[in-house]
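First comes the structure, then the notes that go with it.
The values are calculated or read from the model by the stated rules, or taken from the named source; none is laboratory data. Computed from a predicted structure; not experimentally measured. Glycine gets a Cβ as well: all are built from the backbone with ideal geometry, and neighbour counts include every protein chain shown.
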Amino acid sequence: MGRRFRVTEATLDVLEALLGPDDDLYGLKIAKAIDRPTGSVFPILARLEQCGWVDSEWETGDGDLRGPRRRFYRLTPDGLAGARAMLAERRPVRKL
């Protein structure tokens with residue numbers, strides 16, 4: 001599964017966002033969704049990509065009208081399994 005990485009609350013937040021229903025996730029959108037600064041989200045995404053949990057690809061098409069191109073992120077099969085296991089262990093669902 002690649003290298004190990006440090007797991008912080010922010011890392012868990014990013015993993016939760018990546019597990020969510022949205023398929024068009026880019027760094028700024030993830031940061032806004034989890035209410036974290038991009039300065040912490042982008043390094044987390046880079047670490048997850050280095051360890052093989054996340055794949056990314058640059059947006060194709062004409063981004064000139066909207067701004068800079070976006071880089072989209074998605075969990076790999078290993079990342080999907082690892083994220084689910086990690087979140088189940090560290091953030092179990094609480095029953096009322």
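Scanning segment 53-70 for residues that are closer than 17 Å to ALA17 by Cβ and modelled with pLDDT under 95 yields a single hit, ARG70. Restricting segment 71-96 to residues that are in a loop (DSSP other than H, G, I, E, B), within 22 Å of THR8 (Cβ to Cβ) and basic (Lys, Arg), the residue that is modelled with the highest pLDDT is ARG91.
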